[in-house]
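Visitor: My structure is below; once you've seen it, I'll send some questions.
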């Protein structure tokens, strides 16, 4: 899918810190939290919410009264005259939400849309479904987060099993995963040392759910694990006779992110410290049952083909990497160095709140390309159901 009329204003992307499972965001409503960060982001950019004409809300974990999600969050950010759909596509939610907003702008249905992505994996809902045929009328039940992480009803396996399947087929070793994970930690530490996250992250953030008393302050990402080669080597595999450990996979988290998706005129008017960023293309794909990490390759290739470029034309590559094996496989298939991707951090290290993960990576990719003087940015990442999505942007 190709776009020709869609832009992000320079600086028109932001993220909250990502907070660890049962961390400082764990008791807060994700829509209230996302609305607060969106208001802060718009305020810093001096953009009145009333100048937005549409909204797209992306999430993958339900929250109380999410039924009213679009119009509710529009009211919370000070734009009660607009609304829009909700998009939910597991880990591909950010890319799908951006693609929907981009299509609306491309076709002239919107000049200025805000894509808001939010999820809270902590304290996820425990859902019951009526089942009159159950013993004594007992309902069916589901732990939304953990049960779905643990079993794909179509492929009949867990997400970690899909990664093990790819590692085994491709001959990717435990030692290779450990080495790349250590490198990803070094990339994230470089971002901290160079204060890179200040380009996109709203932090520190005071947590004040009552509006009367600050109960905590989050200074940055919460949940980063100290990592050494020796520490990684000591960890046991998650599965018997497996290769993937707790250290070489991401962790569920809480957070939100946002993107302003506009036509060129509005994007130029709202840009700060640079020219607008063009949204060039979107691609999605699905691979065979139980091999989720492989889907990223055809999704990225579709986005690249639609953009009319090759992987070597990309100045910056950012991936959602729930497992280190994802990046090793991706790099091999495209004949590039895995170490050259995901500069300044990735979801393998700072966690995965599902819906907003991709939007954070897209914003970071754009910020990195700006530091390098411009160029193409590729974001790609896998998603539940052995699927993946990718986006190409031009800085």
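Visitor: Just checking, how many residues over the stretch 203-251 are in contact with a strand residue (DSSP E or B) (Cβ under 6 Å, 6 or more places away or on another chain) and closer than 20 Å to residue 33 by Cα?
Guide: 11
Visitor: Report yes if residue 256 is crowded, with 20+ Cβ neighbours inside 10 Å and assigned by TED's automatic domain parsing to the domain that holds residue 108, otherwise no.
Guide: Criteria met by residue 256.
Visitor: Restrict the check to the stretch 16-24 and report whether at least one residue is part of a loop (DSSP other than H, G, I, E, B), crowded, with 22+ Cβ neighbours inside 10 Å and in contact with a helix residue (DSSP H, G or I) (Cβ under 7 Å, 6 or more places away or on another chain).
Guide: Applying the first criterion (part of a loop (DSSP other than H, G, I, E, B)) to the stretch 16-24 yields 16-18, 21-24.
Now restrict to residues that are crowded, with 22+ Cβ neighbours inside 10 Å: 16-18.
Restricting the remaining residues to those that are in contact with a helix residue (DSSP H, G or I) (Cβ under 7 Å, 6 or more places away or on another chain) gives 16, 18.
Within the stretch 16-24 (the criterion being part of a loop (DSSP other than H, G, I, E, B), crowded, with 22+ Cβ neighbours inside 10 Å and in contact with a helix residue (DSSP H, G or I) (Cβ under 7 Å, 6 or more places away or on another chain)), the answer is yes, since at least one residue qualifies.
Visitor: Right, next: Out of all the residues in the stretch 287-294, is one or more closer than 28 Å to residue 123 by Cα, touching a residue at least 40 places away in the same chain (Cβ under 8 Å), in a helix (DSSP H, G or I) and in contact with a helix residue (DSSP H, G or I) (Cβ under 8 Å, 6 or more places away or on another chain)?
Guide: Of the stretch 287-294, the ones closer than 28 Å to residue 123 by Cα are 290, 292-293.
Subsequent filtering for residues that are touching a residue at least 40 places away in the same chain (Cβ under 8 Å) retains 290, 292-293.
Cutting the leftovers down to in a helix (DSSP H, G or I) gives us 292-293.
Then drop every residue that is not in contact with a helix residue (DSSP H, G or I) (Cβ under 8 Å, 6 or more places away or on another chain), which leaves 292-293.
Within the stretch 287-294, one or more residues are closer than 28 Å to residue 123 by Cα, touching a residue at least 40 places away in the same chain (Cβ under 8 Å), in a helix (DSSP H, G or I) and in contact with a helix residue (DSSP H, G or I) (Cβ under 8 Å, 6 or more places away or on another chain).
Visitor: Within the stretch 342-349, can one find any residue that is under 24 Å from residue 11 (Cβ atoms), touching a helix residue (DSSP H, G or I) at 6+ places or on another chain (Cβ under 6 Å), surrounded by fewer than 24 Cβ atoms within 10 Å (Cβ to Cβ) and touching a residue at least 60 places away in the same chain (Cβ under 8 Å)?
Guide: Within the stretch 342-349 (the criterion being under 24 Å from residue 11 (Cβ atoms), touching a helix residue (DSSP H, G or I) at 6+ places or on another chain (Cβ under 6 Å), surrounded by fewer than 24 Cβ atoms within 10 Å (Cβ to Cβ) and touching a residue at least 60 places away in the same chain (Cβ under 8 Å)), the answer is yes, since at least one residue qualifies.
Visitor: Another question about this same structure. Could you tell me whether residue 261 is in a strand (DSSP E or B) and farther than 30 Å from residue 20 by Cα? Spell out the reasoning first.
Guide: On the way: in a strand (DSSP E or B): yes; farther than 30 Å from residue 20 by Cα: no.
Considered against the rule, which asks whether it is in a strand (DSSP E or B) and farther than 30 Å from residue 20 by Cα, residue 261 comes out as no.
Visitor: While we're here: Which residues, taken from the stretch 150-170, are within 22 Å of the chain's Cα centre (by Cα), part of a helix (DSSP H, G or I) and surrounded by fewer than 18 Cβ atoms within 10 Å (Cβ to Cβ)?
Guide: Listed by number, the list holds a single entry, 150.
Visitor: Give just the number: which of (1) surrounded by fewer than 18 Cβ atoms within 10 Å (Cβ to Cβ); (2) more than 23 Å from residue 29 (Cβ to Cβ); (3) modelled with pLDDT of 95 or more does residue 71 not satisfy?
Guide: (2)
Condition check ((1) more than 24 Å from residue 147 (Cβ to Cβ); (2) in contact with a strand residue (DSSP E or B) (Cβ under 6 Å, 6 or more places away or on another chain)) across all residues:
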site: 27; (1), (2): no, no
site: 32; (1), (2): yes, no
site: 36; (1), (2): yes, no
site: 39; (1), (2): yes, no
site: 46; (1), (2): yes, no
site: 61; (1), (2): no, yes
site: 64; (1), (2): no, no
site: 69; (1), (2): no, yes
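Visitor: Taking the condition of being in a helix (DSSP H, G or I), in contact (Cβ under 8 Å) with a residue 60 or more places away in the chain and crowded, with 17+ Cβ neighbours inside 10 Å, how many residues in the stretch 171-192 meet it? So that I can check it myself, show each step before the final result.
Guide: Residues of the stretch 171-192 in a helix (DSSP H, G or I): 174-192.
Now drop any that are not in contact (Cβ under 8 Å) with a residue 60 or more places away in the chain, which leaves 174, 176-178, 180-181, 183-185, 187-188, 190-191.
Going one step further and asking which of them are crowded, with 17+ Cβ neighbours inside 10 Å, we end up with 174, 176-178, 180-181, 184-185, 187-188, 191.
So the answer is 11.
Visitor: Is it true that residue 286 is over 25 Å from residue 384 (Cβ atoms) and either surrounded by fewer than 23 Cβ atoms within 10 Å (Cβ to Cβ) or under 23 Å from the mean Cα position of the chain (by Cα) (or both)?
Guide: Working: over 25 Å from residue 384 (Cβ atoms): no; either surrounded by fewer than 23 Cβ atoms within 10 Å (Cβ to Cβ) or under 23 Å from the mean Cα position of the chain (by Cα) (or both): yes.
Taking the combined requirement at face value, the residue does not satisfy it.
Visitor: Moving on to the next point. From 78, 124, which residue is modelled with pLDDT under 95, touching a helix residue (DSSP H, G or I) at 6+ places or on another chain (Cβ under 6 Å), surrounded by 13 or more Cβ atoms within 10 Å (Cβ to Cβ) and part of a loop (DSSP other than H, G, I, E, B)?
Guide: On the way: 78 fails: modelled with pLDDT under 95.
Just a single option satisfies the conditions, and that option is 124.
Visitor: Among the residues of the stretch 302-333, which ones are assigned to a helix (DSSP H, G or I), touching a residue at least 40 places away in the same chain (Cβ under 8 Å) and touching a strand residue (DSSP E or B) at 6+ places or on another chain (Cβ under 8 Å)?
Guide: Restricting attention to the stretch 302-333, the residues satisfying the condition of being assigned to a helix (DSSP H, G or I) are 302-307, 311-313, 324-333.
This time we only want the ones that are touching a residue at least 40 places away in the same chain (Cβ under 8 Å), so: 302-304, 306-307, 311, 313, 324-330, 332.
Listed by number, the residues that qualify are 302, 303, 304, 306, 307, 311, 313, 324, 326, 327, 330.
Visitor: If you go through the stretch 131-140 one residue at a time, do you hit one that is surrounded by 13 or more Cβ atoms within 10 Å (Cβ to Cβ) and in a strand (DSSP E or B)?
Guide: no
Visitor: Name every residue in the stretch 41-64 that is surrounded by fewer than 23 Cβ atoms within 10 Å (Cβ to Cβ), out of contact with any helix residue (DSSP H, G or I) (no Cβ under 7 Å at 6 or more places or on another chain) and not in a helix (DSSP H, G or I), in order of residue number.
Guide: 46, 48, 53, 64
Visitor: Return a yes/no flag: does the stretch 306-317 have any residue that is farther than 18 Å from residue 255 by Cβ and under 15 Å from the mean Cα position of the chain (by Cα).
Guide: Just the residues of the stretch 306-317 that are farther than 18 Å from residue 255 by Cβ, to begin with: 306-317.
If we keep only those that are under 15 Å from the mean Cα position of the chain (by Cα) too, we end up with 317.
Checked against the condition, which is being farther than 18 Å from residue 255 by Cβ and under 15 Å from the mean Cα position of the chain (by Cα), the stretch 306-317 yields at least one hit.
The values are calculated or read from the model by the stated rules, or taken from the named source; none is laboratory data. In this text the structure is predicted, and so the values were computed from the model without any measurement. A quick note on method: Cβ atoms are made from the backbone with ideal geometry, for glycine too, and the neighbour counts reach across all protein chains shown.
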